[in-house]
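A.B. asks: Handing you a structure now.
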Amino acid sequence: MTTAEAKLKERIKELTCLYDVTSIIVNSDYDELETSLEAIAYCLKKAWQFENDSEVFFTCGNYTVRTKKYNAKMVELSSNIKVFNKIDGHIKVGYPADKYSISDFLIEEQTLLDNVSLAVGNLLERKQIRDSEASVKRQMERTDRLYILGEITAGIAHELNTPLANILGFAELLADKMTDNQAIRDLEKIIDNTIFSREIVKKLMFFACEMPQEMKIVELNAVVENVLKLLQPSLQEKKIKLIKSFNKENIKLKADTVQLTQVLFNLIMNAVYYSPENGQIAVQVTEKSKKIQILISDEGLGIPKKNEDKVFEPFFTTKPLGEGSGLGLSVVHGIINSHKGVIMHKSNNPKGTIFTVDFPKL
């Protein structure tokens, strides 16, 4: 390329490419980012001196985009994509190695590639910021919702306690005085259902953090082992392989032993329930510098996206009618919250769910 006209033509192509890339980025849908990256790739292809032979390859984060004839054996220019000052991928533009050499690229083409890489990095940064803000917003909304539910359920639990105690007391008095066998059987049903209702109220009070706690130093490893022994028949029934690990022999935690046992029992029992036969459950206890973490993973179907924000709400359950009250995880959330801990869940790869519980260290 020697003529001024040819050089001008190349500069116009480069400027057009930058303009088009900017327009694509401005109008990008963050939920369909791969489409935008594909459009940028074809803009770059047209900006090169020998555009009919140029091919483009993108890799950044979870995205990989390439034009039709790209292959790894091409002679190419490359530029790193940085997201928050860390290399997160690169863009390559190449020619067939049998027709071209590195000297066939223009200096200005490397500059263009660097500018596009910078623009793509900025786009990915904005997406991460958007996703992070959306996640924080959902977390705050869920926390507010659970706080309001806690206030409501605490009031309901207190209001129900007195009439349930009266029903139970008078039913037991009547049962002692009755001689008719049918009437006694009916009263026993009343007593059984009242006790069941009282247990529901107790779980509501756990969720609302209204139950008195007996906080003391407990050996967490021993509590976990005891819960696993209790659940051994359920594990054997479904032929589930259990993998347990403790990063230290003696991990101590300040907690209410009964409530801590209830948390572990609920989480591991849920993992067993949703695991397929011959599946695998992992229970990991890790003491870190500032926290103690319990991780419980299964290989079930996982939590559908539409239910991710509902799992800790009272009376929400995906179990069939009669198999769950929907209070297990809400009680777990209340207990962990009262221990100043945090519970989170995420998908397990390739399938299933991971629940993570973080307690403050002594």
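FYI, it's all coordinate maths here, none of it is from the lab. This is a predicted model, so every value here is computed, not measured. We place every Cβ from the backbone using ideal geometry, glycine too, and count neighbours over all the protein chains shown.
A.B. asks: Ranked from highest to lowest mean number of other Cβ atoms within 10 Å per residue, what is the order of the peptides 227-238, 15-26?
C.D. replies: Averaged packing, sorted descending, gives the order 15-26, 227-238.
A.B. asks: Then there's this: Relative contact order for the chain: what is it in percent, counting Cα pairs under 8 Å that are at least 6 residues apart?
C.D. replies: Result for the chain is 10 percent.
A.B. asks: Still on this structure, I have one more. Calculated FRET efficiency, PHE50 and ASP29, Cβ-Cβ r, R0 35 Å, to nearest 0.05?
C.D. replies: 0.60
A.B. asks: Which value in nm describes the separation of the simple spin-label points at LYS252 and GLU219, placed 7 Å from the Cα toward the beta carbon?
C.D. replies: Calculated label separation equals 1.2 nm.
A.B. asks: Please sort 131-137, 39-45 by packing, taking for each peptide the average over its residues of neighbouring beta carbons within 10 angstrom, highest first.
C.D. replies: Highest mean packing first, the order is 39-45, 131-137.
A.B. asks: Please compute the length gained on full extension between LYS69 and VAL342, using 0.36 nm multiplied by the number of residues separating them and subtracting their Cα-Cα distance.
C.D. replies: Contour length minus the Cα-Cα distance gives 93.3 nm.
A.B. asks: Taking 0.36 nm per intervening residue step and subtracting the Cα-Cα distance, what contour gain separates GLU172 from ILE87 on full extension?
C.D. replies: Full-extension gain reported as 23.4 nm.
A.B. asks: Residues with beta-carbon under 12 Å from that of PRO276, excluding PRO276: net charge, scoring Lys, Arg +1 and Asp, Glu -1?
C.D. replies: Net of charged neighbours comes to +1.
A.B. asks: Which of rounded, prolate or oblate describes the stretch 225-336 when judged by the alpha-carbon gyration tensor and an a/c cut-off of 1.5?
C.D. replies: Cα axes put the stretch 225-336 in the oblate bin.
A.B. asks: Along Cα→Cβ, 7 Å out, is where each label goes; now give me the distance between the ones at GLU277 and TYR42 in nm to one decimal.
C.D. replies: About 5.1 nm, to one decimal.
A.B. asks: Projected onto the charge dipole of the stretch 215-360 (+1 at Lys/Arg Cβ, -1 at Asp/Glu Cβ, origin at the Cα centre), which of HIS339, THR318, GLN236 gives the Cα projection farthest towards the positive end?
C.D. replies: HIS339
A.B. asks: If you place +1 on the Cβ of every Lys and Arg and -1 on the Cβ of every Asp and Glu, how big does the dipole about the Cα centre of the stretch 215-360 come out, in debye to the nearest 20?
C.D. replies: Dipole magnitude for the stretch 215-360 comes out near 320 debye.
A.B. asks: Less than 11 Å Cβ to Cβ from VAL83, Lys/Arg counted +1 and Asp/Glu -1: what total charge do the surrounding residues give?
C.D. replies: In short, +2.
A.B. asks: Lys/Arg Cβ at +1, Asp/Glu Cβ at -1, dipole of the chain taken about the Cα centre: which of ILE268, ALA134, MET178 is farthest positive-ward?
C.D. replies: Value: ILE268.
A.B. asks: Return the distance in nm (one decimal) between the two label points of a simple spin-label model at GLU237 and LYS137, each offset 7 Å from Cα along Cα→Cβ.
C.D. replies: 4.4
A.B. asks: List the residues, sorted by chain then number, that are 5 or more residues from GLY302 or on another chain and whose placed amide H is less than 5 Å from its amide H.
C.D. replies: GLY352, THR353
A.B. asks: So what are the ³J(HN,Hα) numbers for the stretch 24-37, from phi and the Karplus equation (6.51, -1.76, 1.60; θ = phi - 60°), rounded to whole Hz, Gly and Pro as x?
C.D. replies: Once θ is set to phi - 60°, the couplings for the stretch 24-37 become 4, 5, 4, 9, 5, 8, 4, 7, 10, 5, 4, 4, 5, 5 Hz.
A.B. asks: Note down the Stokes-Einstein diffusion coefficient of the stretch 4-134 in µm²/s, whole number, using a Kirkwood radius over alpha carbon pairs, 10 °C, and 1.306 mPa s.
C.D. replies: 106
A.B. asks: Right, next: Can you give me the angle between helix 181-207 and the longest principal axis of the chain, using Cα atoms only, in degrees from 0 to 90, rounded to the nearest 10?
C.D. replies: The answer is roughly 40 degrees.
A.B. asks: Please give the charge dipole size of the stretch 4-134, origin at the Cα centre, charges +1 on K and R Cβ atoms and -1 on D and E Cβ atoms. Round to the nearest 20 debye.
C.D. replies: Dipole of the stretch 4-134, to the nearest 20 debye: 220 debye.
A.B. asks: Beyond 39 Å, what percent of the Cα pairs of the chain remain?
C.D. replies: 44
A.B. asks: Could you tell me which of ILE24, GLY121, ILE91 has its Cα farthest along the dipole of the stretch 1-123 towards the positive end, charges placed at Cβ (Lys, Arg +1; Asp, Glu -1), taken about the Cα centre?
C.D. replies: Checking the options against the dipole of the stretch 1-123, the answer is ILE91.
A.B. asks: Separate question: For LYS319 and ARG185 in one chain, what is 0.36 nm times their gap in residues minus the Cα-Cα distance, to one decimal in nm?
C.D. replies: Value of the extension gain: 45.2 nm.
A.B. asks: Would you work out the charge dipole size for the chain about its Cα centre, treating the Cβ of every Lys and Arg as +1 and the Cβ of every Asp and Glu as -1, and quote it to the nearest 20 debye?
C.D. replies: Its charge dipole is roughly 680 debye.
A.B. asks: Would you mind checking the pairs LYS252/LYS346; LYS248/LYS361; LYS216/LYS319; LYS68/LYS305; LYS290/LYS346 and listing those with alpha carbons more than 24 angstrom apart?
C.D. replies: Correct reply: LYS252/LYS346; LYS216/LYS319; LYS68/LYS305.
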